[in-house]
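To keep things clear, I will list the structure first and then write my remarks on it.
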Amino acid sequence: MVPRVIRIVLAGLLASLLAPALATAAPQISVTASCTYDGGRFAVVGTGFAPNARILLQIMPSADPSAGDPLANREATVDANGFLDAVTFDVPPTGSTTPVARSVRVLPGAASSAAPAPLATAPLRSVARSVRVSSERRLSPGTVQRWRLTGLPEGTPLYAHYRRARRTVAVRSIGQASDPCGRLDFTLPVIPRAASGRGTVELWMTADRTFRRPLKGVYVHRRLRVARSTRGARVRAGALKSRLVPLNPLLQSPVTNYMTAYESRIGVVGLTFRGARGSTVEFLERIADRLVPLGTALAKPGEEFTRLAEATTWSCERTERRFVAVATRPEGGLLKGTYSVHTPSCAARFELTSPRPAQPGDVARIRIADGWGIGAIAPTLCVTPPRRQRTCRATRLGPGVTALRRRLRLFTRGDWIVQLRVRDRGVRRAVISVGNGAGTLPVPPTVLATGDSTMQGIEAFLGDELGDAASVVSDVRLGTGISRTGQPGLPDEGNPLALQWGLLAMQQTAQLQPSATVVSVGAGELFPMIVPGGAKVTCCDAPWEAEYSRRVRLMMQTYTRGGLARALWLTIPQPRNDIRRASVLAVNRAIVDAVTGLAGATVLRMDLVFSPDGYSEVIHYRGRDIDVRDPDGVHVNVAGTAIAARIVADALRAGTSSAPPAASTRSLSKYQPPRGG
């Protein structure tokens, strides 16, 4: 069964999740770019300000917002709801090829010589785009040089093309920029063996596997001249030329608005843009260094969100998807949003069914079904008869075609292996036992992935991690919380419209009977609860925490099904917002308490993975610094969900908790991710 995945929601829904607390929330600002570049622009947005207030935004020269003189000032007016629309700045130059820590602060009123205490602050990272290469002295064709590129658009792949006489003679895959500031470190031979010989060689680095001259895209270029082809030849390297950001102005402009991707149906991605103000929104997908149009949409009068349903389909070729939405303000100026999402690979896309035990001479009917329901793909069907070599032939499901059948004559006894492959990777396998009894592979166990928006993306990666070993079923309930049901009994008579998580757990286990359930819920727990006996408790004191723990433990007992299944409960990484942080800390303590002494239940401490020392945008994971947090300051981004899914998958495969021994106590000792891989 194909997992129901990518129920991705707008990071901007932070406001709706915090609706009860907005009136008392302290002002907050955030920079809409994880890294800014010399010569570029960025935007600052905010919330929680006094309605219609005049404020002053300042760019400060260091990470300490109270130190030094401002590098730039900009006055702005907050709207009637306390929101600060995007205020754009030119990036003050750094001249540095390594990131420089700066900060943004907001002061009340206009500039003055004696600045009052800031209303809000946010970190800012700036760097100059650059291409650096190790020593160019005494180069020979076999010399290996170290390169560092800074400022590539995140996710842009890079290929090295060596060309002679306008023909490509060697190609090397370099990798892609995943660093927050677009840094990519790699090594390359000055001239590879395939391109050796006297004469001129051109080295082009572009975003395309097949060379095409980059008129507007990313590139690095230099000419190399080999003086002679004999042993001891020397190479003269020409001047480096580069363009690390495409010329497309839509890619160079700063992000000003929120957008998101959502699941309109399995196999299809819908897109949403917030705050178009009656303007037509154009939706695009960024593939390498180019933008591919997907369509346009116009919101109905009075609606805040503009949606393009079924904007594009899932893809076997690209699972990391990057989307852009742009609109023009009625008064002029560009509105822009970006969003990245991980869609499932083809590992669980297809169903392959074959007959049960057959006899020699029978004709087996093999059924191939596209669980995504979109077709337009050509998988390969391979058959290996007993004691013979494998034979393969191409099949094709046209656009919209979701299933096909193939006939197979079983002419000899033994186990016939049938495999479905997509791009040289096996995705489904079955065994037909001819004259030997049962032969089909067992149905994999069901793993339920459920929770609020903090489960988004994790279930997609989890399906990829587990592959055929399990069928991952996603049931994400956005904007919900365990504390939102006021009454301790079921049904919730005091709040009949709220989702009752205790009742939902019973329904899920009765319908799916999962072998394991993975739960992540607790990002928006700010609501009072009614305890047994009728008293009301408010967040986030000890009685509230105890009631939350009681409800979580009841759900854990439901999901473990009396010892027949396992329950893995994820704690919540600390958020950036102080008000939300208090509730998240209380929720995490309650979860850890709830699991104590409960067989089959495990707590995986995601708070210690992503925020061991408090909120952080970057963590050090398996030898690399990785940007793991979403701009909303609450959720983890695509990289973060991938890390979380891998930890969950390791725990499921091991049959024991990946959490440290202290995870069942209130200890906040740092979590060490599993080694390997």
Filter region 258-283 for residues that are at pLDDT 90 or above and polar (S, T, N, Q); which is surrounded by the fewest Cβ atoms within 10 Å (Cβ to Cβ)? Thr280
Can you work out which of the residues in region 537-565 that are among the polar types (S, T, N, Q) and not in a loop (DSSP other than H, G, I, E, B) is surrounded by the fewest Cβ atoms within 10 Å (Cβ to Cβ)? Gln557
Out of curiosity, is Thr312 under 30 Å from Pro249 (Cβ atoms), in contact with an Asp or Glu (Cβ under 8 Å, 6 or more places away or on another chain) and not in a loop (DSSP other than H, G, I, E, B)? yes
Spot the failing condition for Gly373; the list is (1) under 16 Å from Val427 (Cα atoms); (2) at pLDDT below 85, and only one is missed. (1)
Scan region 174-183 and give yes if some residue there is assigned to a helix (DSSP H, G or I) and more than 19 Å from Ser242 (Cβ to Cβ), otherwise no. no
Considering only region 570-612, how many residues are within 19 Å of Ala654 (Cβ to Cβ) and either part of a helix (DSSP H, G or I) or of a type in the set (Ser, Thr, Tyr) (or both)? 6
First in region 69-84 and closer than 15 Å to Arg54 by Cβ and touching a residue at least 12 places away in the same chain (Cβ under 8 Å), second anywhere and part of a loop (DSSP other than H, G, I, E, B) and aliphatic (A, V, I, L, M), Cβ under 6 Å, 6 or more apart: Asn73/Ala111; Val78/Ala53; Leu84/Val78
Taking the conditions exactly as written (modelled with pLDDT under 95 and not aromatic (Phe, Trp, Tyr)), does Leu570 satisfy them or not? no
Among the residues in region 296-309, are any outside any loop (DSSP other than H, G, I, E, B) and hydroxyl-bearing (Ser, Thr, Tyr)? yes
For region 605-619, enumerate the residues that are within 17 Å of the chain's Cα centre (by Cα) and either surrounded by fewer than 17 Cβ atoms within 10 Å (Cβ to Cβ) or of a type in the set (A, V, I, L, M, F, W, C) (or both). Met606, Val609, Phe610, Ser616, Val618, Ile619
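The values are calculated or read from the model by the stated rules, or taken from the named source; none is laboratory data. Computed from a prediction, not measured in an experiment: that's the story for all the values here. All Cβ positions, glycine included, derive from the backbone under ideal geometry; neighbour counts span all protein chains shown.
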